[in-house]
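Let me begin by presenting the structure, written as structure tokens, before commenting on it.
The values are calculated or read from the model by the stated rules, or taken from the named source; none is laboratory data. No experiment lies behind these values; they were computed from the predicted model shown. Because the Cβ atoms are built from the backbone with ideal geometry, glycine has one as well, and the counts that use them run over all protein chains shown. Each accessible area value is taken on the protein alone, full model and side chains, heavy atoms only, with ligands, DNA and RNA left out. Shrake-Rupley method; radii C 1.70, N 1.55, O 1.52, S 1.80 Å.
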Amino acid sequence: MWRAVTPGKPFLSGRTMIMAGHFGKRVVVYPISRRHEDQGEALINWVAELKNAPDQPMPRQDWEYTAKREEVLALFSDYVFDFLDVPALIRGGGGHL
């Protein structure tokens, strides 16, 4: 699981939450800031999830670990919709992934 917050443009209603994908690979995306909304912008929280294969060990799970953005981008590069560009969210994510 990777997560971050990315400033961006409102999508759909501006208050919409989306889940895209399936149990093995999905993203959850939703706005979190009224202040940004009032300014015609969005502060977007996103979580990208990938299920491990049964024979794979769990990846490192540590608050101090910083994921490589390229890994996440490669996995979700096709999650581009006419109302939301998930790879752009990942590229723009602040702080640690």
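Residues checked against (1) acidic (Asp, Glu); (2) at pLDDT below 95:
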| residue | (1), (2) |
| --- | --- |
| MET1 | no, yes |
| PRO10 | no, no |
| MET17 | no, no |
| LYS25 | no, no |
| VAL29 | no, no |
| TRP46 | no, no |
| GLU71 | yes, yes |
| PHE76 | no, no |
For residues in the range 1-50 being under 16 Å from LEU73 (Cβ atoms) and aromatic (Phe, Trp, Tyr), which is most open to solvent (accessible area, probe 1.4 Å)?
TRP2
Conditions (1) farther than 25 Å from PRO10 by Cα; (2) open to solvent by 100 Å² or more (accessible area, probe 1.4 Å): number failed by ALA67
(2)
Subset of the range 70-79 [open to solvent by less than 100 Å² (accessible area, probe 1.4 Å) and without any contact (Cβ under 8 Å) to a residue 60 or more places away in the chain]:
GLU71, LEU73, ALA74, LEU75, PHE76, SER77, TYR79
